[in-house]
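Report on the following structure.
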Amino acid sequence: MEDEEVTSDFHAIGEKHTRATEHAELLVIGAGEAGLAAALEAARAGVQVTLVDENPLGPGLIGMDVPLLFGNRWTAAVQNQGRMLEQILATNPGLEEAFELGVEVKLGTYAWGAFVAGPNLQSLPEPVVGLADETRSWLCGFKRLIIAAGARDLVYSFAGFETPGVVGAQGFASLVSRYGAFNGRRIVVLGTGDLAVRTAALALDAGLEVAAMVEVRDAAQSDVSLMVSRGVEIITGHAILEARGNAEGVTAAVLAPVAGGEPRGIDCDTIVLAIGAVPVIDLADVAGAKLTRCDGSYVVESAPAGVFFAGDCAGLGADAAASGRAAAQAALRSLGHEVTAAPAPAPVPPLPADTDAYRMDWMRALMATGGLDVHACTCEEVTRRDLLTVQPPRYLDAPVAGRDLTSLGDGAPPSQDQIKRLTRACMGPCQARRCREQVAMMMAIGTDRPLGAIALAGYRAPVRPLPLGVLAASDETAEMAEGWNVWFGIRTQWIPYADIGTERETERAGRMMHF
């Protein structure tokens, strides 16, 4: 059979994408310590830098616990965006130098996707990042990109988890230090590691009362002597059983002995999850970076050409400023700038060798004390039992499946993406920030496998749950609008519009179709 002549079909999407409306020689995502250090280093070298940070967050995302677990424990101040912006500038004085150096700073701007050339992106006119604010979205082209997205909260659920006042350590720190908008007075901290100690110290320094620090193991996981000297009770061998409360929020934390025994209650208005943190790698995954498991989480191992990473997304505990400067210098060298050799950043200090085991101890204790009818995914109301027995979504009203995690994959480790499709766990508007890690832990427990054997669930753009009215606000070109009527004219699936009603339609009839 002779080769069919290949012609361009004007219905195809290729080369019709909206072009970037902004351009940056160096685009930096994240204005925390690492991102700000990167932006300043590059700006001092004369590079045109755009620095993007999503803070101050809009109240809609805060209400969905994105990107941190804020737990509905904020004051009405978060509704005042002018006041929130003033807080950001006051608590991040390095931004003033950035302005003076000519850095284009975009605050309250979300990065919802990062795209570089690849097999599925051949029609992109250049590498771009998708940006959005509260009203519109747009594309920003770049020559080099540094992602310094930081870390988010490691979340566990338990009875009453949805009660206002259950927050993450990162969300708590943001409300207290960044926004000055924390609405609570007496807290209970879950965990006794370094993160928990820093959280308790922050609370005490802010004039809050820390009623207790709770640990599932029989001993504290770091030096808590200073907390004890400041009046904090350390409770070991206990797990959180329930957040007791009312419509206004938490009124008590109910603790259960891991070894069995009578529960005890502690009066409080806030329960802070400070068991661990998770590198924010969603943009990295969307951009095509290679990820590797490290110290209980996934971090960036290698990146596409022109993309660099700094701060916690390159490894928790890194010297943020040094990591940012190193990323900037690497970007500068790739742009052809002469860079004075600088000392390499200190190696990222490893987390405790048993980080996975510690996090799994918490998960097992919560399941043993709280049972299987607690939600594993609060957005989609998927319980621990639903997950372990692979039950279909409740809204289908389907019969019980009668299977378990071990029945999937012919003995291979189940895929978290597969579990999402079968149960809807991790499919809610929080984009799995409340449940991704604990679902993986329960899958490991349900299949009797190491946590590291459960593959990372993939991320997809948009990595922020923005309204469709915002994401759809980019201008559509006349060329794009012209071809929507025949499903893009994909040549292997449909008859090109121009062939309809001609003899070529008959030739294709056995293997193609059209509307």
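The values are calculated or read from the model by the stated rules, or taken from the named source; none is laboratory data. Small disclaimer: the values here were computed from a predicted structure and weren't measured. Neighbour counts run over all protein chains shown; Cβ positions are idealised from the backbone, glycine included. Heavy atoms of the whole protein, side chains included, go into the accessibility calculation; ligands, DNA and RNA do not. Shrake-Rupley method; radii C 1.70, N 1.55, O 1.52, S 1.80 Å.
Ignoring solvent entirely, what values of log10 I(q)/I(0) come out of the Debye formula for region 98-238 at 0.13, 0.14, 0.15 Å⁻¹ when each Cα is a single scatterer?
Each listed q corresponds, in turn, to -0.77, -0.82, -0.87.
Which value, in Å to one decimal place, does the Kirkwood hydrodynamic radius take for region 143-196 when every pair of different Cα atoms is included?
Computed over region 143-196, the radius equals 13.4 Å.
Taking 8 Å as the Cα distance limit and 6 or more residues as the minimum spacing, I'd like the relative contact order of region 374-467 as a percentage.
32
When only alpha-carbon atoms count, how far does region 211-255 stretch along each of its three principal axes, as whole angstroms with the largest first?
Cα spread of region 211-255 along its principal axes, largest to smallest: 36, 22, 11 Å.
About the Cα centre of region 147-299, what is the dipole size in debye to 20, counting +1 per Lys and Arg Cβ and -1 per Asp and Glu Cβ, all else neutral?
Taking the Cα centre of region 147-299 as origin, the dipole is about 240 debye.
When all alpha-carbon pairs of region 383-463 are counted, what percent fall beyond 21 Å?
Roughly 24 percent, once rounded to a whole number.
For THR75, tell me the accessible area in Å² from a 1.4 Å probe, rounded to the nearest 10.
For THR75, the solvent-accessible surface is approximately 40 Å².
Kindly sort ASP448, ASP404, ASP373 by accessible area of their heavy atoms, largest first, with the probe set to 1.4 Å.
Sorted by accessible area, descending: ASP448, ASP373, ASP404.
Ranked by accessible surface with a 1.4 Å probe, highest first, in what order do SER157, SER229 come?
So the residues, ranked largest to smallest area, are SER229, SER157.
Between region 278-316 and region 383-452, what is the C-alpha centre distance in whole Å?
Cα centroid of region 278-316 versus Cα centroid of region 383-452: 25 Å apart.
Binning at 10 angstrom from zero up to the longest distance, how are the C-alpha pair distances of region 48-124 distributed in percent?
Once binned at 10 Å, the Cα pair distances of region 48-124 give 15, 37, 28, 16, 3.
Which order do ARG198, ARG449 take when ranked by solvent-accessible area (1.4 Å probe, heavy atoms of all protein chains), largest first?
Largest accessible area first, the residues go ARG198, ARG449.
Over region 102-240, what is the mean sequence separation of C-alpha contacts under 8 Å (at least six apart), divided by residue count, expressed as relative contact order in percent?
So the answer I get is 14 percent.
What base-10 log of the normalised intensity I(q)/I(0) is obtained for region 87-166 from the Debye formula, alpha carbons as equal point scatterers, at q = 0.21 Å⁻¹?
The computed values of log10 I(q)/I(0) come out as -1.10.
Taking the Cα atoms of region 244-299 alone, what are Rg (to one decimal) and Dmax (as a whole number) in Å?
That works out to 18.5, 50 Å for Rg and Dmax.
Starting from the Kirkwood radius over alpha-carbon pairs of region 186-291, derive D by Stokes-Einstein at 10 °C in a medium of 1.306 mPa s and give it in µm² s⁻¹.
107
Quick one: check the C-alpha center-to-center distance for region 53-72 versus region 131-168, whole angstrom.
Here the two parts' Cα centres lie 7 Å apart.
What order, most packed first, do the peptides 136-146, 231-241 have when packing is the mean number of other Cβ atoms within 10 Å of each residue?
Those peptides, ordered most packed to least, come out 136-146, 231-241.
Using the C-alpha atoms of region 170-241, what convex hull volume per residue, in cubic angstrom, is computed?
So the per-residue hull volume is 83 Å³.
Per 5 Å bin from zero, what fraction in whole % of the C-alpha pairs of region 289-332 is there, up to the bin with the longest pair?
5, 25, 28, 26, 14, 2, 0
With every protein chain left in place, what is the accessible area of ARG264 in Å² (1.4 Å probe, nearest 10)?
Result for ARG264: roughly 90 Å² accessible.
For region 356-420, what does the alpha-carbon gyration tensor say about shape, rounded, prolate or oblate, given a ≥ b ≥ c as the root eigenvalues, a/c under 1.5 as rounded, and a/b over b/c as prolate?
oblate
Relative contact order for region 165-220: what is it in percent, counting Cα pairs under 8 Å that are at least 6 residues apart?
36
Heads up, I need the accessible area for TRP74: 1.4 angstrom probe, whole protein in place, Å², nearest 10.
In the full protein context, TRP74 sits at about 50 Å².
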